[in-house]
Amino acid sequence: MSVEVTRLDNGLTVVTDSMSHLQTASVGVWVNTGARHETAHEHGVSHMLEHMAFKGTERRSALAIAEEIETVGGHLNAHTTHEATAYYARVLKQDTGLAVDILADILQNSVFDPEEVERERGVIISEIGQAHDTPDDVVFDDLLEAAYQDQPLGRSILGTVDTVSGFSRDELQGYMGQRYLAPGMVLAAAGGVGHEEMVKLASERFGALPNRKTNGAETAIFRAGERRKGRDLEQVHLALAFEGPTYGDPDYYTAQVFSGVLGGGMSSRLFQEVREKRGLCYSVFAFSWSFADTGVFGIYAGTSPDDVAELMPVLSGELGRLGHDTTEEEVARARAQIKAGLMMGLESSSSRSEQIARQYMIHGRVLPIEELIEKVDAVDAAAVRRYAGRLLKGPGLALSAIGPLHGRDGGLESYDRIAARFAH
């Protein structure tokens, strides 16, 4: 790979990875602003801005934006996370200039037409309603709310009906003007691209962006707690979490391997014990989410109300066992899965552009694939066993549950009883 980095005079960074064998290119702009940068009054504004970016500029109507990118066979999209917002396009390599021009236009010249604002407000309120009807999504929002009570990181990305209903055109435009500033933005491109060409395009299209820094996010503090919602569903959706590592924590890669051993595939402990041997779940897995200043290591399971009482001691038992009997063989399988995922990501221009953008925003540099592989390979069974102990000695357990919480054998136990099971 041939990663090159240039920082423009106004602070915007251009990062490219030329993949000369490809006839396509992926280019995007990543902004270091997400849901956790919002005040309570602004809850959901980052996500609404993402929607409004495609609804018309001083030069293009919403229809013109769609027609221009699709006329050349391209694809334009965006997404919002807790820590960033991304706008990106995938096109044939000869159309990268058009892609950059459209991205620059929507990020600097959006008009926020009042009719479009009202129309998109309705779309987002429908999206919030759809999310509430999807319990296996809501359970993760509730988990973060339990882990980061009364903090921006504990709020959903979508916002609420009340907050979204209140955003005015001026507020949307003002938030973009305050947060979408050159030093906090990365233009990343991968595939059939040349670095100098991308630097030239970025200078021409983004050179007028202000060279001012934005305020950082409120420091997050992991707190133990729970969120339960009794609902008339077929299943109980259950998620529990402990404080995990930040991006810069030496245990970041240990947590990824630990997650694979515990619940990362069909050979993982949770899949084999919970689903294959006991038939308690259709879906069960472990996950590790990292942020700039905190992290979450968790387990998700969807089970029947009659099986939830049996499930909880099995989950705690499997997590506890990893602190004692993790084998080198299962750690090797987890490492292989992670490394394969990293290598496969190098074969997709869209995956690669997102990877280099995220790495630069997090670390201030793009990590060579050899370095990533080395860090993964350094995790052995002893490290996984040690990490199990670290998790269980942390600040406590966060738990969320949605569904019929009372079953044949009593259903979901009290929070104190569950927390005690994980206090190894």
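Give segment 227-261 a look and list any residue that's more than 24 Å from Q149 (Cα to Cα) and touching a Phe, Trp or Tyr at 6+ places or on another chain (Cβ under 9 Å), or say none.
Residues of segment 227-261 that are more than 24 Å from Q149 (Cα to Cα), as a first pass: 232-235, 250-251, 253-254, 256-261.
Q235, D251, T254, V257, F258, S259, listed by residue number.
Only one residue in R365, R358, R390 is of a type in the set (K, R) and either in a strand (DSSP E or B) or in contact with a helix residue (DSSP H, G or I) (Cβ under 8 Å, 6 or more places away or on another chain) (or both), so which one is that?
Just one listed residue meets the conditions, R365.
Any chance you could count how many residues in segment 19-45 are hydroxyl-bearing (S, T, Y), surrounded by fewer than 19 Cβ atoms within 10 Å (Cβ to Cβ) and under 18 Å from D95 (Cβ atoms)? Residues that pass the stated criteria total 1.
Checked against (1) open to solvent by 20 Å² or more (accessible area, probe 1.4 Å); (2) modelled with pLDDT of 95 or more; (3) under 30 Å from D133 (Cα atoms), E234 meets all criteria but (2).
Checked against (1) of a type in the set (G, A, S); (2) touching a helix residue (DSSP H, G or I) at 6+ places or on another chain (Cβ under 8 Å); (3) farther than 21 Å from T326 by Cβ, G279 meets all criteria but (2). Of all residues in segment 221-232, those that are closer than 12 Å to L412 by Cα have Cβ atoms under 6 Å from Cβ atoms of residues that are part of a loop (DSSP other than H, G, I, E, B), 6 or more apart or on another chain, in G230/L405.
Considering G260, G207, G216, G264, which residue is surrounded by fewer than 21 Cβ atoms within 10 Å (Cβ to Cβ) and farther than 26 Å from S2 by Cβ? Steps first, answer last, please.
Working: G260 fails: surrounded by fewer than 21 Cβ atoms within 10 Å (Cβ to Cβ); G207 fails: farther than 26 Å from S2 by Cβ; G264 fails: surrounded by fewer than 21 Cβ atoms within 10 Å (Cβ to Cβ).
Just one listed residue meets the conditions, G216.
In segment 150-183, what residues are among the charged types (D, E, K, R), touching a residue at least 40 places away in the same chain (Cβ under 8 Å) and part of a loop (DSSP other than H, G, I, E, B)?
Going through segment 150-183, the residues among the charged types (D, E, K, R) turn out to be 150, 155, 162, 169-171, 179.
Okay, now just the ones that are also touching a residue at least 40 places away in the same chain (Cβ under 8 Å), so 155, 169, 171, 179.
Within segment 150-183, just R155 meets the criteria.
Scan segment 213-233 and give yes if some residue there is out of contact with any helix residue (DSSP H, G or I) (no Cβ under 7 Å at 6 or more places or on another chain) and assigned to a helix (DSSP H, G or I), otherwise no. No: zero hits. Residues G244, G260, G191: which one is at pLDDT 95 or above, on the phi > 0 side of the Ramachandran plot and not acidic (D, E)? Result: G191 is the single residue among G244, G260, G191 that is at pLDDT 95 or above, on the phi > 0 side of the Ramachandran plot and not acidic (D, E). Considered as a group, the residues in segment 294-324 that are out of contact with any helix residue (DSSP H, G or I) (no Cβ under 8 Å at 6 or more places or on another chain) and part of a helix (DSSP H, G or I) include one that is least open to solvent (accessible area, probe 1.4 Å), and that residue is V308.
Restricting attention to segment 7-18, does a residue exist that is of a type in the set (K, R), under 21 Å from V91 (Cα atoms), out of contact with any Pro (no Cβ under 7 Å at 6 or more places or on another chain) and surrounded by fewer than 24 Cβ atoms within 10 Å (Cβ to Cβ)? Working first, answer last.
Of all residues in segment 7-18, those of a type in the set (K, R) come to 7.
Add one more test, that the residue is under 21 Å from V91 (Cα atoms), and what stays is none.
For segment 7-18, residues of a type in the set (K, R), under 21 Å from V91 (Cα atoms), out of contact with any Pro (no Cβ under 7 Å at 6 or more places or on another chain) and surrounded by fewer than 24 Cβ atoms within 10 Å (Cβ to Cβ): absent.
Listed conditions (1) within 22 Å of the chain's Cα centre (by Cα); (2) open to solvent by less than 60 Å² (accessible area, probe 1.4 Å); (3) not hydrophobic (A, V, I, L, M, F, W, C) are all met by G122, apart from (1). Here A104 meets each of (1) more than 25 Å from the chain's Cα centre (by Cα); (2) open to solvent by less than 30 Å² (accessible area, probe 1.4 Å) with one exception, condition (1). Scanning segment 331-346 for residues that are under 16 Å from Y387 (Cβ atoms) and either among the basic types (K, R) or modelled with pLDDT under 95 (or both) turns up just one, R335.
The values are calculated or read from the model by the stated rules, or taken from the named source; none is laboratory data. Predicted model, so just to flag it, every value in this text is computed and none were measured. Using ideal geometry, Cβ is built from the backbone for each residue, glycine included, and neighbour counts are taken over all protein chains shown. The protein model used for the area step is the full one, side chains on, heavy atoms only, and it has no ligands, DNA or RNA in it. Shrake-Rupley method; radii C 1.70, N 1.55, O 1.52, S 1.80 Å.
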